[in-house]
Amino acid sequence: MLVSAKEMLNKAREGKYAVGQFNINNLEWTKSILLTSQELQSPVILGVSEGAGKYMTGFKTVAAMVKAMMEELNITVPVALHLDHGTYEGCYKCIKAGFSSIMFDGSHYPIEENIEKTKELVKIAHAMGLSLEAEVGSIGGEEDGVVGMGECADPAECKAIADLGVDFLAAGIGNIHGKYPANWPGLRFDVLEAVKAQVGDMPLVLHGGTGIPEDMIKKAISLGVAKINVNTECQLTFAEATRKYIEAGKDQQGKGYDPRKLLAPGAEAIKGTVKEKMELFGSVGKA
Ligand code: 13P
């Protein structure tokens, strides 16, 4: 059964570890992440961007697939199905489709409008038993068409949004979606500390988990980050394993062109990346 992400993230914050949000793109991604979570007895959040939702033919398909897969695979660890960087309309669609958690990304609106829309969605999400993530200060780079300039969050604005009763908060601290440029100056821990001082015990979310050095991840967790989003890294490992398979000519040996064989190395590679992240985030055995 899908669960809201509230309880698992409050537990993570108290226990000083983070739960990974791994974005899903198709059946293989979903299966690899669910099986790894079960094997490692780790709670997990499956992230679905609006673009990925559309690709999978809609949020209803995604929710039905995830729920059925959990049943067929006997997944018993806590799993939240979460809309990633949702629009106002997308949030309503996911609530209707049976998601257990939503992110409303109102960071591109003026703060008053972000507050107004977040407030409305918190009320509805909570009435329906879903958790809600809000965002202040946009994350840099591009996530499936959502482009952010990477500005750091204003701690006072974070407090205003946190006070609306959101369950966890994404605050920009210099993090970027996708690969980090060589001249990236690193996470702004001073901003993270200032945000934490304003929002208290609210679990904080670190987007752009791909390529952040291990010591920065650990420091961020020690300063209140309880959810870390990873997407690009699974895409890179999937692509690399698939490329190797094809370059070795394996798709042309026997029935190596069978999609179940062709996609198997990539699916296995994702399991490795997810395992690595769960170990680093400290969520192994916390189900
Ligand atoms: P990366 O693609 O950089 O891992 O970021 C994922 C993310 O933050 C999804 O919201």
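Readers should treat all values here as calculations from the given coordinates under stated rules, not as data from a laboratory. The structure presented is a predicted model; accordingly, all values stated were derived computationally and were not measured. In this analysis, Cβ positions are derived from the backbone assuming ideal geometry, glycine residues included, and neighbour counts consider all displayed protein chains.
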### Query
From the phi of every residue in segment 80-91, what ³J(HN,Hα) in whole Hz does the Karplus formula 6.51 cos²θ - 1.76 cosθ + 1.60 yield, where θ is phi - 60° and glycine or proline is x?
10, 9, 10, 6, 9, 6, x, 7, 4, 5, x, 4
### Simple Cβ-charge dipole of segment 148-287, Lys/Arg +1 and Asp/Glu -1, about Cα centre, in debye nearest 20
640 debye
### Query
Of the residues Phe59, Phe189, Phe238, which exhibits the maximal mean-square fluctuation in a Gaussian network model of the chain defined by a 10 Å Cα contact cut-off?
Phe189
### Query
Add -39500 (n - 2.57) for each DSSP H run of 4 or more in the chain, then divide by its residues: what number comes out at 222 nm, to the nearest 500 deg cm²/dmol?
-14500 deg cm²/dmol
### Task
Any chance you could give the angle, 0 to 90 degrees and rounded to 10, that helix 111-127 forms with the longest Cα principal axis of the chain?
70 degrees
### Query
For segment 225-280, with only Lys/Arg (+1) and Asp/Glu (-1) charged at the beta-carbon, what is the dipole magnitude about the Cα centre, in debye rounded to 20?
160 debye
### Message
I need the phi-derived Karplus couplings for segment 257-274: 6.51 cos²θ - 1.76 cosθ + 1.60, θ = phi - 60°, integer Hz, Gly and Pro marked x.
### Response
7, 4, x, 5, 8, 4, 8, 4, x, x, 5, 5, 4, 4, 4, x, 5, 4
### Message
For the pairs Lys227/Lys275; Lys196/Lys218; Lys31/Lys218, flag any whose C-alpha to C-alpha distance is greater than 20 Å.
### Response
Lys31/Lys218
### Message
So if a site counts as exposed when it's one of the trypsin sites (Lys or Arg not before Pro), its DSSP state isn't H, G, I, E or B, and it has at most 15 other Cβ atoms within 10 Å, what's the longest stretch of the chain without one?
### Response
17-178
### Query
For segment 152-158, what does the Karplus curve 6.51 cos²θ - 1.76 cosθ + 1.60, with θ = phi - 60°, yield as ³J(HN,Hα) per residue in whole Hz, taken in order and with x for Gly and Pro?
7, 6, 8, x, 5, 5, 4
### Message
Please list, ordered by chain and number, the residues whose modelled amide H lies under 5 Å from the amide H of Val19; skip anything fewer than 5 residues away on the same chain.
### Response
Lys227, Ile228
### Mean separation of Cα contacts under 8 Å (6+ apart) over length of segment 82-203, as relative contact order %
21 percent
### Query
Gly106's amide H: which non-local residues (gap 5+, or another chain) put their own amide H closer than 5 Å, with H modeled 1.01 Å from N in plane and none for Pro or chain starts?
Glu135
### Message
For the chain, set up a GNM with springs between Cα atoms under 10 Å and report which of Ile33, Ile212, Ile176 has the largest fluctuation.
### Response
Ile212
### Task
In a Gaussian network model over the chain where Cα atoms closer than 10 Å are linked, find which of Ala127, Ala160, Ala63 has the largest mean-square fluctuation.
Ala127
### Query
Among Ala52, Ser131, Gln38, whose Cα sits farthest toward the positive end of the charge dipole of segment 27-174 (+1 at Cβ of Lys/Arg, -1 at Cβ of Asp/Glu, about the Cα centre)?
Gln38
### Query
Can you list the residues, at least 5 places off or on another chain, whose amide H is less than 5 Å from the amide H of Ser131, using H built in the peptide plane?
Ala5, Lys6, Ser101, Ile102
### Query
Of Lys54/Lys117; Lys11/Lys159; Lys6/Lys123; Lys54/Lys261; Lys93/Lys123, which ones are farther than 18 Å apart at the Cα?
Lys54/Lys117; Lys11/Lys159; Lys54/Lys261
#### Entry: Cα centre as origin, Lys/Arg/Asp/Glu Cβ charges: the chain dipole, Debye
860 debye
### Message
On a straight-distance basis, which aspartates and glutamates could pair with Lys277 in a cross-link, Cα separation under 16 angstrom, same-chain partners fewer than 8 positions away excluded?
### Response
Glu39, Glu214, Asp215, Glu233, Glu268
### Query
Given Cα pairs under 8 Å that are at least 6 residues apart, what percent is the relative contact order of the chain?
22 percent
